[in-house]
Amino acid sequence: LTNARHELGQAAALTWATKDGLAMIGGLVYSYVASPKFDENVKEFRLFADIINDVGLTFDMLAPYFRNHLLIVSSAAVLCKTLCGISAGATKSSITQHFAIAGNMADLNAKESTQETLMSLIGMILGIYAAMALHRYETIYGSASTLNWSIFAVLTLIHVWANYKGVELLRMRTLNRARADIVLAKVVKQAMGASGDYRKLLESIPPPCDVHESLFKSSWRILYPKQSLQLGVPL
């Protein structure tokens, strides 16, 4: 019995180390590949952080159904949460600067932390009541799996939609590739029919905070960038 417990403990420790180790390796690879794009695509990676976190929670929900592949599913869940932490942490400073128009970043960070604590507390209380209600439902009807997944799906959709709307409302003060394309497209279109008064044309260029890119198109461009044009390349 003692040997069995010892082997079980070793197996659990090995599983835990493998799961977290794979997540760490995945996080390092993700940081290496995506870090040059964080500053340019703040909105996209902030939205990605929330979506990938929901994917990780979905893997957590699926874990009991894949007991023979528990290590793979658990590793995928931890990896998704790791990617969420990296993306959210990398874009947080840019978003904080966006809101700190009076140079009050410390005050803003303190209030954001308080807001997160309050919302976590409310979520924990509501979660306790939901768990009690689901337990009563399971006692009466024998299974609450369908209801559990339905609640999870609805809340996840609301979470993704709310984060999408929130990110879409951000007004960045710099031009990235997507916003620059929008500005230059208007300039080129007007220049085609301009009579030579290019000064007025340049003065008509809107400031970056008034230019809003499509998050879907810009996210697609991150995954599948267009071929770059290079001038002066030797034959």
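The values are calculated or read from the model by the stated rules, or taken from the named source; none is laboratory data. Just so you know, these numbers come straight off a predicted model, no measurement behind them. For neighbour counting, all protein chains shown are included, and Cβ atoms are generated from backbone atoms with ideal geometry for every residue, glycine included. Remember, those area values only see protein heavy atoms, side chains included, never the ligands or the DNA or RNA. Shrake-Rupley method; radii C 1.70, N 1.55, O 1.52, S 1.80 Å.
Which condition does L235 not pass, out of (1) modelled with pLDDT under 80; (2) open to solvent by less than 60 Å² (accessible area, probe 1.4 Å); (3) assigned to a loop (DSSP other than H, G, I, E, B), if it passes all the others?
Against the list (1) modelled with pLDDT under 80; (2) open to solvent by less than 60 Å² (accessible area, probe 1.4 Å); (3) assigned to a loop (DSSP other than H, G, I, E, B), L235 comes up short only on (2).
Given the residues L14, L57, which is the only one that is farther than 20 Å from L215 by Cβ, modelled with pLDDT of 85 or more, open to solvent by 50 Å² or more (accessible area, probe 1.4 Å) and part of a helix (DSSP H, G or I)? Steps first, please.
Working: L14 fails: modelled with pLDDT of 85 or more.
Sole residue among the options that is farther than 20 Å from L215 by Cβ, modelled with pLDDT of 85 or more, open to solvent by 50 Å² or more (accessible area, probe 1.4 Å) and part of a helix (DSSP H, G or I): L57.
Please go through segment 79-96 and give me each residue that is open to solvent by 40 Å² or more (accessible area, probe 1.4 Å) and closer than 17 Å to G26 by Cβ, ordered by number.
Residues of segment 79-96 open to solvent by 40 Å² or more (accessible area, probe 1.4 Å): 79, 81-82, 85-86, 89, 92-93.
Matches in segment 79-96: L79, K81, T82, G85, I86, G89.
Would you check which residues across segment 127-182 are within 24 Å of I51 (Cβ to Cβ), of a type in the set (A, V, I, L, M) and outside any helix (DSSP H, G or I) and list them?
Correct list: L169, L170, M172.
Looking only at segment 132-172, which residues are basic (K, R) and more than 21 Å from the chain's Cα centre (by Cα)? Walk me through how you get there before you give the answer.
Let us first name the residues in segment 132-172 that are basic (K, R), namely 136, 165, 171.
Listed by number, the list holds a single entry, R136.
Would you check which residues across segment 20-57 are within 11 Å of the chain's Cα centre (by Cα) and closer than 26 Å to A180 by Cβ and list them?
Residues satisfying the conditions are V42, K43, E44, F45, R46, L47, F48, A49, D50, I51.
If I ask for residues that are open to solvent by less than 50 Å² (accessible area, probe 1.4 Å), more than 28 Å from C209 (Cβ to Cβ) and of a type in the set (A, V, I, L, M, F, W, C), which ones from segment 118-173 would you list?
A130, A133, L134, A144, F152, A153
Looking at V183 and the list (1) touching a residue at least 40 places away in the same chain (Cβ under 8 Å); (2) open to solvent by less than 70 Å² (accessible area, probe 1.4 Å), which single condition is not satisfied?
(1)
May I ask you to list pairs of residues, at least six apart or on different chains, whose Cβ atoms are under 9 Å apart, with the first in segment 66-77 being open to solvent by 70 Å² or more (accessible area, probe 1.4 Å) and the second being of a type in the set (S, T, N, Q)?
L70/T15
Any residue in segment 203-217 that's under 24 Å from I51 (Cβ atoms) and in a helix (DSSP H, G or I): show its pairings with residues that are of a type outside the set (A, V, I, L, M, F, W, C) and open to solvent by less than 60 Å² (accessible area, probe 1.4 Å) at Cβ separation under 8 Å, as long as the two are six or more apart or on different chains.
That search, which allows pairs on different chains as well, returns L215/K43; L215/E44; L215/Y164.
What are the pairs with Cβ atoms under 7 angstrom where one residue, in segment 148-159, is β-branched (V, I, T) and the other, located anywhere, is at pLDDT 90 or above and open to solvent by less than 70 Å² (accessible area, probe 1.4 Å)? Sequence gap at least six, or different chains.
Qualifying pairs under 7 Å: T156/D54.
What residue, among those in segment 97-108 that are part of a helix (DSSP H, G or I) and open to solvent by 60 Å² or more (accessible area, probe 1.4 Å), is nearest to D39 (Cα to Cα)?
Let us first name the residues in segment 97-108 that are part of a helix (DSSP H, G or I), namely 97-99, 105-108.
Filter once more, so that each one left must be open to solvent by 60 Å² or more (accessible area, probe 1.4 Å): 97, 99, 105-107.
Working: Q97: 12, F99: 16, M105: 18, A106: 21, D107: 23 Å.
Residue satisfying both the conditions and the ranking: Q97.
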